[in-house]
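Take a look at the structure below.
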Amino acid sequence: MRALVVVNPRATAMSPRERDVLAHALGSETDLEVVETENRGHAAALACRAMRNGTDVVVALGGDGTVNEVINGLLTDGVHDGVPALGVVPAGSTNVFVRALGLPNDPIEATGALLEGLRSDTYRSVSMGMADDRYFCFAAGAQYLKMSCSSVLTYAGSNSGRSVLPFPAFPACNSFSRSRS
């Protein structure tokens with residue numbers, strides 16, 4: 001099985017040593033190529049190349065932005081039988097996609113789950129959305145998202161020192177319902 005790991009070297013939750021250990025683990029089960037992204041759009045270009053070269057699995061090692069770029073690269077030619085499987089090893093600061101799917105947020109645990117899935121040939125379908133010519137895997141927004149961010153930032157500023165991560169849906173929904181009235 002041929003695999004490509006697309007690494008975001010700026011991912012905040014993983015050291016270079018940890019990346020090497022995870023690459024070694026994945027390389028024990030696959031014919032592995034590991035490439036670090038160099039700039040915005042590079043992950044999409046790498047994933048597109050892998051798709052067109054018949055790679056079986058493309059692993060996004062990074063955060064939600066890396067996952068989004070890899071998905072758009074894999075689906076450059078649309079949905080078809082030649083699209084490789086996507087694996088995700090979370091290494092970003094939030095990892096919303098991984099959390100939404102109920103996958104391990106710890107990179108080591110996620111790699112173990114990925115290896116288990118490869119060994120047992122287990123895959124899961126995930127619905128994608130499309131806005132203009134870009135695919136998205138977990139969220140899309142425009143005015144609503146703008147209001148959400150504004151509300152969360154206002155909330156964060158008035159509650160300095162507290163975590164705002166558990167609360168963003170409440171001010172966002174409140175702002176959305178007011179704007180629709």
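The values are calculated or read from the model by the stated rules, or taken from the named source; none is laboratory data. Bear in mind that the values here come from a model prediction, so they are computed numbers and not experimental data. Quick reminder, even Gly has a Cβ in these numbers, built from the backbone with ideal geometry, and neighbours come from all protein chains shown.
When segment 11-46 is examined, which residues are found to be more than 21 Å from THR94 (Cβ to Cβ) and hydrophobic (A, V, I, L, M, F, W, C)? VAL21, ALA23, ALA25, LEU26, LEU32, VAL34, VAL35, ALA45, LEU46, listed by residue number.
Considering every residue within segment 43-54, establish whether at least one is among the polar types (S, T, N, Q) and closer than 14 Å to VAL6 by Cα. Scanning segment 43-54, I find no residue that is among the polar types (S, T, N, Q) and closer than 14 Å to VAL6 by Cα, so the answer is no.
Listed here are the residues, each with its yes/no results for (1) of a type in the set (A, V, I, L, M, F, W, C); (2) free of Cβ contacts under 8 Å to residues at least 12 places away in the same chain; (3) under 19 Å from LEU118 (Cβ atoms).
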site	(1), (2), (3)
PRO16	no, yes, no
ALA44	yes, no, no
CYS48	yes, no, no
ASP56	no, no, yes
LEU61	yes, no, yes
ASN72	no, no, no
VAL88	yes, no, yes
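It is to be established whether one or more residues within segment 75-82 are at pLDDT 85 or above, among the hydroxyl-bearing types (Ser, Thr, Tyr) and in the same structural domain as ASN8 (by TED's automatic domain parsing). Within segment 75-82, one or more residues are at pLDDT 85 or above, among the hydroxyl-bearing types (Ser, Thr, Tyr) and in the same structural domain as ASN8 (by TED's automatic domain parsing). If we scan segment 36-56, do we find a residue that is of a type in the set (A, V, I, L, M) and assigned to a strand (DSSP E or B)? For segment 36-56, residues of a type in the set (A, V, I, L, M) and assigned to a strand (DSSP E or B): absent. Taking the stated definitions as given, is GLY63 in the same structural domain as PHE97 (by TED's automatic domain parsing) and within 19 Å of MET130 (Cβ to Cβ)? It is false that GLY63 is in the same structural domain as PHE97 (by TED's automatic domain parsing) and within 19 Å of MET130 (Cβ to Cβ). Can you spot a residue in segment 109-127 that is at pLDDT below 85, small (Gly, Ala, Ser) and more than 30 Å from GLU29 (Cα to Cα)? No - not one qualifying residue is present in segment 109-127. Of all residues in segment 105-125, those that are free of Cβ contacts under 8 Å to residues at least 24 places away in the same chain, outside any helix (DSSP H, G or I) and closer than 27 Å to VAL79 by Cβ total 4.
State which residue is surrounded by the fewest Cβ atoms within 10 Å (Cβ to Cβ) when the search covers only segment 77-96 and only residues that are in contact with a Ser or Thr (Cβ under 8 Å, 6 or more places away or on another chain) and aliphatic (A, V, I, L, M). Looking at residues that are in contact with a Ser or Thr (Cβ under 8 Å, 6 or more places away or on another chain) and aliphatic (A, V, I, L, M), I get ALA91. Checking each residue in segment 25-52 for being under 16 Å from ASN68 (Cβ atoms) and of a type in the set (Val, Ile, Thr) picks out only THR37.
Is it the case that segment 5-16 has a residue that's assigned by TED's automatic domain parsing to the domain that holds ALA131 and assigned to a helix (DSSP H, G or I)? Looking through segment 5-16, at least one residue is assigned by TED's automatic domain parsing to the domain that holds ALA131 and assigned to a helix (DSSP H, G or I).
β-branched (Val, Ile, Thr), touching a helix residue (DSSP H, G or I) at 6+ places or on another chain (Cβ under 9 Å), surrounded by 21 or more Cβ atoms within 10 Å (Cβ to Cβ) and not in a strand (DSSP E or B): does that describe VAL59? It is false that VAL59 is β-branched (Val, Ile, Thr), touching a helix residue (DSSP H, G or I) at 6+ places or on another chain (Cβ under 9 Å), surrounded by 21 or more Cβ atoms within 10 Å (Cβ to Cβ) and not in a strand (DSSP E or B). In the set (1) in contact (Cβ under 8 Å) with a residue 12 or more places away in the chain; (2) surrounded by 13 or more Cβ atoms within 10 Å (Cβ to Cβ); (3) under 22 Å from SER120 (Cβ atoms), the condition left unmet by ASP31 is number (2).
Put simply, of GLY73, GLY87, GLY102 the only residue that is assigned to a helix (DSSP H, G or I) and within 18 Å of the chain's Cα centre (by Cα) is GLY73.
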